[in-house]
Each structure stands twice: as C-alpha cells, then as structure tokens.
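The values are calculated or read from the model by the stated rules, or taken from the named source; none is laboratory data. Since the model is a prediction, treat every value here as computed from it, not as a measurement. Don't worry about glycine lacking a Cβ; one is built from the backbone with ideal geometry, like all the others, and counts go over all protein chains shown.
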Amino acid sequence: MGAEERYEEMVKLREGGLTLREIGERFGGISRQRVDQIFKKFGRVESSLIPTERLARISKMTLDMVKDMEEFGLIKPAREVKFERAVWKYWENKPIDPGILKELIRLKEQKKIEKY
C-alpha cells in the first residue's frame, strides 16, 4: 500500500470516529503525533469536532447532562455520522456554557424531572 493509499485509509478511519492514537495502532503502532504529522503532510487540518464523551469531559458535566441538553434543544451537534443503527455525534471543540446547564435544570424543574 502506497503512502497516499495509507493516508486515505487513515482519513476514513478518522471520519469514522477513531482517535489519532487508535489510527496509529492500526498502522503498526505508530504514535498519534506521527499520525497527526501525516495528516499535516497531506494537507488535512484536524477537525475541531469532538465526540460527545469528550464534550462532557471538557465541560465538566456528565454524559447524561449533555444528552439531556440535546434532548431539550439547548445544544445541537455540529455533525452526525450514521452507520446502520448507530449514530455518532460530533460537537464543536469548546466547553458548554454553564448558563445552559442552569437552563436545563430550570426546564427539568418545570417538568418535575430529577435534578442534577
């Protein structure tokens, strides 16, 4: 497999939701930094989108809080990737505004749903 073919495969894996580390493992255990260098060499700038779990972590919230915010229409994913019955959601790489959490709690109180 040539360099461009390997790169195209890496892009497919990245778009499928794999991390740089996971891609490196699939290509003989190369480091995530090396994968990033390969992306830069071929002109791909890493996306600013992150998966739901990382959004929750950088926002210092639980995964359930993030999912509830989406359900109540307070936040919206930047991109959804669907494969068969699975859906992966990707978000802007920035923490959720704490004011949105207050709004979620207010909405939940109105509906008499459990608070956080």
Among the residues of the stretch 96-109, is any part of a loop (DSSP other than H, G, I, E, B), within 22 Å of Thr19 (Cα to Cα), in contact (Cβ under 8 Å) with a residue 24 or more places away in the chain and not charged (D, E, K, R)? yes
For Glu25, state whether it is surrounded by 12 or more Cβ atoms within 10 Å (Cβ to Cβ) and at pLDDT 90 or above. yes
Looking at (1) surrounded by 12 or more Cβ atoms within 10 Å (Cβ to Cβ); (2) in a helix (DSSP H, G or I), which is the only condition Glu53 fails? (1)
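Can you pull out every residue in the stretch 59-71 that is touching a Lys or Arg at 6+ places or on another chain (Cβ under 8 Å) and either under 20 Å from Gly17 (Cα atoms) or assigned to a loop (DSSP other than H, G, I, E, B) (or both)?
Matches in the stretch 59-71: Glu70 only.
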Of the residues Ile75, Ile23, only one is in the same structural domain as Ile100 (by TED's automatic domain parsing) and out of contact with any Gly (no Cβ under 8 Å at 6 or more places or on another chain); which? Ile75
Please count how many residues of the stretch 52-92 are among the aliphatic types (A, V, I, L, M), closer than 21 Å to Glu15 by Cα and either free of Cβ contacts under 8 Å to residues at least 24 places away in the same chain or in contact with a helix residue (DSSP H, G or I) (Cβ under 8 Å, 6 or more places away or on another chain) (or both). 5
Among the aliphatic types (A, V, I, L, M), more than 30 Å from Lys108 (Cα to Cα) and touching an Asp or Glu at 6+ places or on another chain (Cβ under 7 Å): is that true of Leu20 in this structure? yes
Within the stretch 1-44, the residues that are acidic (Asp, Glu) and under 20 Å from Phe83 (Cβ atoms) are Glu8, Glu9, Glu15, Glu22
Could you check, for the stretch 73-84, whether at least one of its residues is buried (at least 16 other Cβ atoms within 10 Å of the Cβ), closer than 30 Å to Arg106 by Cα and either touching a Lys or Arg at 6+ places or on another chain (Cβ under 9 Å) or of a type in the set (Phe, Trp, Tyr) (or both)? yes
